[in-house]
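Below: the structure, in C-alpha coordinates.
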(Lines give C-alpha, C1' and ligand atoms only; values in the text may rest on other atoms or scores of the structure.)
Protein backbone atom coordinates (compact mmCIF):
# COMPACT_ATOMS: atom_id res chain seq x y z
CA UNK A 1 0.00 0.00 0.00
CA UNK A 2 1.17 3.49 -0.82
CA UNK A 3 2.06 5.51 2.26
CA UNK A 4 2.48 9.30 2.22
CA UNK A 5 5.96 10.53 3.09
CA UNK A 6 5.19 14.20 3.61
CA UNK A 7 2.30 16.27 4.96
CA UNK A 8 1.56 17.49 1.45
CA UNK A 9 1.31 13.91 0.16
CA UNK A 10 -0.91 13.00 3.11
CA UNK A 11 -3.32 15.86 2.39
CA UNK A 12 -3.51 14.89 -1.27
CA UNK A 13 -4.00 11.18 -0.64
CA UNK A 14 -6.53 11.57 2.18
CA UNK A 15 -8.25 14.78 1.19
CA UNK A 16 -11.79 13.40 1.66
CA UNK A 17 -13.70 11.00 3.88
CA UNK A 18 -14.29 8.79 0.84
CA UNK A 19 -10.55 8.51 0.19
CA UNK A 20 -9.95 7.34 3.76
CA UNK A 21 -12.77 4.80 3.49
CA UNK A 22 -11.41 3.46 0.19
CA UNK A 23 -7.97 3.08 1.76
CA UNK A 24 -9.42 0.94 4.57
CA UNK A 25 -11.23 -1.24 2.05
CA UNK A 26 -7.96 -1.90 0.20
CA UNK A 27 -6.19 -2.70 3.47
CA UNK A 28 -8.90 -5.11 4.62
CA UNK A 29 -9.48 -6.82 1.28
CA UNK A 30 -6.37 -6.26 -0.87
CA UNK A 31 -7.54 -8.93 -3.33
CA UNK A 32 -11.18 -7.92 -3.26
CA UNK A 33 -14.07 -8.61 -0.90
CA UNK A 34 -14.40 -12.09 0.62
CA UNK A 35 -17.22 -12.98 2.98
CA UNK A 36 -15.92 -14.15 6.35
CA UNK A 37 -18.98 -16.36 6.84
CA UNK A 38 -19.24 -18.25 3.56
CA UNK A 39 -16.21 -17.18 1.53
CA UNK A 40 -18.22 -15.71 -1.32
CA UNK A 41 -16.50 -13.05 -3.45
CA UNK A 42 -19.73 -11.34 -4.44
CA UNK A 43 -21.23 -8.44 -2.50
CA UNK A 44 -22.99 -5.14 -2.93
CA UNK A 45 -22.62 -1.94 -1.01
CA UNK A 46 -25.63 -0.76 0.98
CA UNK A 47 -26.65 2.87 1.46
CA UNK A 48 -25.04 2.93 4.93
CA UNK A 49 -21.74 1.57 3.55
CA UNK A 50 -22.09 -2.06 4.62
CA UNK A 51 -20.89 -4.88 2.38
CA UNK A 52 -23.80 -7.28 1.91
CA UNK A 53 -22.73 -10.77 0.84
CA UNK A 54 -24.42 -11.90 -2.38
CA UNK A 55 -24.58 -15.51 -1.20
CA UNK A 56 -25.44 -15.61 2.50
CA UNK A 57 -26.52 -11.93 2.77
CA UNK A 58 -24.46 -11.30 5.89
CA UNK A 59 -23.34 -7.70 6.29
CA UNK A 60 -19.98 -6.37 7.41
CA UNK A 61 -18.51 -2.92 7.85
CA UNK A 62 -14.98 -2.15 6.76
CA UNK A 63 -14.36 -0.66 10.22
CA UNK A 64 -15.64 -3.71 12.15
CA UNK A 65 -13.02 -4.99 14.57
CA UNK A 66 -10.81 -1.92 14.15
CA UNK A 67 -10.18 1.13 16.32
CA UNK A 68 -12.66 2.98 14.08
CA UNK A 69 -15.59 0.74 14.91
CA UNK A 70 -18.60 2.69 16.24
CA UNK A 71 -16.71 5.98 16.06
CA UNK A 72 -18.76 9.13 15.53
CA UNK A 73 -15.77 11.14 14.39
CA UNK A 74 -14.79 11.38 10.70
CA UNK A 75 -12.27 8.85 9.43
CA UNK A 76 -10.19 11.71 8.07
CA UNK A 77 -9.81 13.10 11.60
CA UNK A 78 -8.61 9.70 12.78
CA UNK A 79 -6.15 9.54 9.88
CA UNK A 80 -4.85 13.01 10.75
CA UNK A 81 -4.41 11.94 14.37
CA UNK A 82 -2.45 8.83 13.33
CA UNK A 83 -0.23 10.88 11.03
CA UNK A 84 0.43 13.41 13.78
CA UNK A 85 1.21 10.80 16.45
CA UNK A 86 3.66 8.70 14.41
CA UNK A 87 5.43 11.84 13.21
CA UNK A 88 6.50 12.86 16.73
CA UNK A 89 9.78 11.16 17.57
CA UNK A 90 9.90 12.67 21.07
CA UNK A 91 6.40 11.60 22.00
CA UNK A 92 2.94 12.99 21.37
CA UNK A 93 0.77 14.50 24.08
CA UNK A 94 -3.00 14.65 24.48
CA UNK A 95 -2.76 18.41 24.94
CA UNK A 96 -0.87 18.79 21.68
CA UNK A 97 -3.19 16.42 19.82
CA UNK A 98 -6.28 18.34 20.90
CA UNK A 99 -4.61 21.67 20.15
CA UNK A 100 -3.68 20.68 16.60
CA UNK A 101 -6.82 18.78 15.57
CA UNK A 102 -9.51 20.18 17.89
CA UNK A 103 -10.84 16.73 18.76
CA UNK A 104 -13.15 18.14 21.42
CA UNK A 105 -11.50 17.88 24.82
CA UNK A 106 -8.22 16.82 26.35
CA UNK A 107 -9.97 13.80 27.85
CA UNK A 108 -11.12 12.67 24.39
CA UNK A 109 -7.66 13.36 22.97
CA UNK A 110 -6.10 11.29 25.78
CA UNK A 111 -8.44 8.38 24.97
CA UNK A 112 -7.59 8.60 21.27
CA UNK A 113 -3.88 8.76 21.99
CA UNK A 114 -3.91 5.64 24.13
CA UNK A 115 -6.14 3.84 21.62
CA UNK A 116 -3.58 4.56 18.91
CA UNK A 117 -0.68 3.52 21.13
CA UNK A 118 -2.34 0.19 21.91
CA UNK A 119 -2.97 -0.36 18.22
CA UNK A 120 0.70 0.24 17.44
CA UNK A 121 1.78 -2.66 19.65
CA UNK A 122 2.43 -5.49 17.23
CA UNK A 123 1.13 -8.91 18.37
CA UNK A 124 3.88 -11.51 18.58
CA UNK A 125 6.61 -8.88 18.53
CA UNK A 126 10.18 -9.99 19.14
CA UNK A 127 11.55 -10.01 22.68
CA UNK A 128 14.38 -7.73 23.77
CA UNK A 129 17.90 -9.08 23.18
CA UNK A 130 21.46 -8.46 24.28
CA UNK A 131 22.07 -6.38 27.38
CA UNK A 132 18.73 -5.26 28.81
CA UNK A 133 18.54 -2.81 31.69
CA UNK A 134 15.62 -3.48 34.03
CA UNK A 135 14.30 -0.95 36.49
CA UNK A 136 11.13 0.14 38.25
CA UNK A 137 9.42 3.47 38.72
CA UNK A 138 6.30 4.92 40.30
CA UNK A 139 3.92 7.00 38.19
CA UNK A 140 1.86 9.50 40.14
CA UNK A 141 2.15 12.51 42.41
CA UNK A 142 4.02 12.83 45.69
CA UNK A 143 2.15 11.43 48.69
CA UNK A 144 2.74 11.94 52.39
CA UNK A 145 3.78 8.98 54.50
CA UNK A 146 5.40 5.72 53.57
CA UNK A 147 8.90 5.01 52.38
CA UNK A 148 10.57 5.11 49.00
CA UNK A 149 8.65 2.06 47.74
CA UNK A 150 5.32 3.14 49.20
CA UNK A 151 2.80 2.73 46.35
CA UNK A 152 -0.32 4.45 47.74
CA UNK A 153 -2.31 5.74 44.80
CA UNK A 154 0.66 5.63 42.45
CA UNK A 155 1.22 3.03 39.72
CA UNK A 156 4.23 0.71 39.94
CA UNK A 157 5.78 0.13 36.52
CA UNK A 158 8.58 -2.21 35.45
CA UNK A 159 10.74 -0.98 32.58
CA UNK A 160 13.16 -2.88 30.35
CA UNK A 161 15.33 -1.21 27.72
CA UNK A 162 17.95 -2.62 25.38
CA UNK A 163 21.40 -1.07 25.85
CA UNK A 164 22.80 -0.08 22.47
CA UNK A 165 26.15 1.56 23.04
CA UNK A 166 25.43 4.95 24.60
CA UNK A 167 21.82 4.87 23.47
CA UNK A 168 18.55 3.01 24.03
CA UNK A 169 17.14 0.32 21.79
CA UNK A 170 13.66 -1.13 22.06
CA UNK A 171 11.65 -0.62 25.25
CA UNK A 172 9.06 -2.62 27.16
CA UNK A 173 6.96 -1.36 30.08
CA UNK A 174 4.31 -3.02 32.21
CA UNK A 175 2.20 -1.81 35.11
CA UNK A 176 2.11 -4.31 37.97
CA UNK A 177 0.10 -4.59 41.14
CA UNK A 178 3.00 -5.30 43.50
CA UNK A 179 6.77 -5.39 43.22
CA UNK A 180 7.53 -8.98 44.16
CA UNK A 181 10.25 -11.16 42.68
CA UNK A 182 7.52 -13.30 41.08
CA UNK A 183 6.10 -10.26 39.28
CA UNK A 184 9.59 -9.32 38.09
CA UNK A 185 10.26 -12.86 36.86
CA UNK A 186 7.04 -12.84 34.85
CA UNK A 187 7.93 -9.47 33.36
CA UNK A 188 11.42 -10.61 32.33
CA UNK A 189 10.03 -13.77 30.73
CA UNK A 190 7.56 -11.66 28.73
CA UNK A 191 10.07 -9.00 27.73
CA UNK A 192 13.57 -10.47 27.41
CA UNK A 193 14.78 -13.15 25.03
CA UNK A 194 16.37 -16.16 26.69
CA UNK A 195 20.12 -15.72 26.70
CA UNK A 196 19.83 -11.98 27.23
CA UNK A 197 21.86 -10.17 29.87
CA UNK A 198 19.65 -8.56 32.51
CA UNK A 199 21.31 -5.54 34.14
CA UNK A 200 20.13 -4.12 37.46
CA UNK A 201 20.68 -0.81 39.22
CA UNK A 202 20.77 -2.48 42.60
CA UNK A 203 17.13 -2.27 43.68
CA UNK A 204 14.88 -4.91 45.23
CA UNK A 205 13.16 -7.04 43.99
CA UNK A 206 15.26 -6.95 40.83
CA UNK A 207 18.45 -7.95 42.61
CA UNK A 208 16.67 -10.84 44.33
CA UNK A 209 15.64 -12.13 40.93
CA UNK A 210 19.13 -11.70 39.48
CA UNK A 211 20.80 -13.24 42.54
CA UNK A 212 18.56 -16.28 42.23
CA UNK A 213 19.36 -16.60 38.54
CA UNK A 214 23.09 -16.45 39.29
CA UNK A 215 22.91 -18.84 42.25
CA UNK A 216 20.88 -21.46 40.42
CA UNK A 217 22.81 -21.01 37.16
CA UNK A 218 19.53 -20.46 35.32
CA UNK A 219 20.44 -20.72 31.65
CA UNK A 220 17.45 -18.69 30.57
CA UNK A 221 19.11 -15.34 31.20
CA UNK A 222 22.51 -14.12 32.22
CA UNK A 223 22.61 -11.52 34.96
CA UNK A 224 24.86 -8.62 35.87
CA UNK A 225 24.63 -7.16 39.34
CA UNK A 226 26.26 -3.83 38.57
CA UNK A 227 25.36 -0.20 38.30
CA UNK A 228 23.96 0.38 34.81
CA UNK A 229 25.81 2.43 32.25
CA UNK A 230 22.59 3.98 31.07
CA UNK A 231 20.26 6.04 33.23
CA UNK A 232 17.25 5.57 31.01
CA UNK A 233 14.36 5.52 33.47
CA UNK A 234 13.82 9.28 33.74
CA UNK A 235 14.09 9.72 29.97
CA UNK A 236 11.50 7.04 29.20
CA UNK A 237 8.85 7.88 31.78
CA UNK A 238 9.16 11.64 31.19
CA UNK A 239 7.97 11.36 27.58
CA UNK A 240 4.73 13.37 27.21
CA UNK A 241 1.44 11.43 27.28
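So, in the range 172-181, of the ones that are part of a strand (DSSP E or B) and surrounded by 14 or more Cβ atoms within 10 Å (Cβ to Cβ), which residue ends up modelled with the lowest pLDDT?
Of everything passing the filter in the range 172-181, 176 is modelled with the lowest pLDDT.
The number of residues in the range 82-109 being modelled with pLDDT of 90 or more and within 15 Å of the chain's Cα centre (by Cα) comes to 1. Scanning the range 46-74 for residues that are free of Cβ contacts under 8 Å to residues at least 12 places away in the same chain and loosely packed, with under 12 Cβ neighbours inside 10 Å turns up 47, 48, 65, 69, 70, 72.
Looking only at residues in the range 3-15 that are touching a helix residue (DSSP H, G or I) at 6+ places or on another chain (Cβ under 7 Å) and in a loop (DSSP other than H, G, I, E, B), which one is modelled with the highest pLDDT?
In this case the residue turns out to be 14.
Among the residues of the range 26-35, those that are surrounded by 12 or more Cβ atoms within 10 Å (Cβ to Cβ) and either modelled with pLDDT under 90 or over 29 Å from the mean Cα position of the chain (by Cα) (or both) comprise 33, 34, 35.
The values are calculated or read from the model by the stated rules, or taken from the named source; none is laboratory data. Please read these numbers as outputs of a predicted model, since none were measured by experiment. Counting neighbours? That spans all protein chains shown, and the Cβs are built from the backbone with ideal geometry, glycine included.
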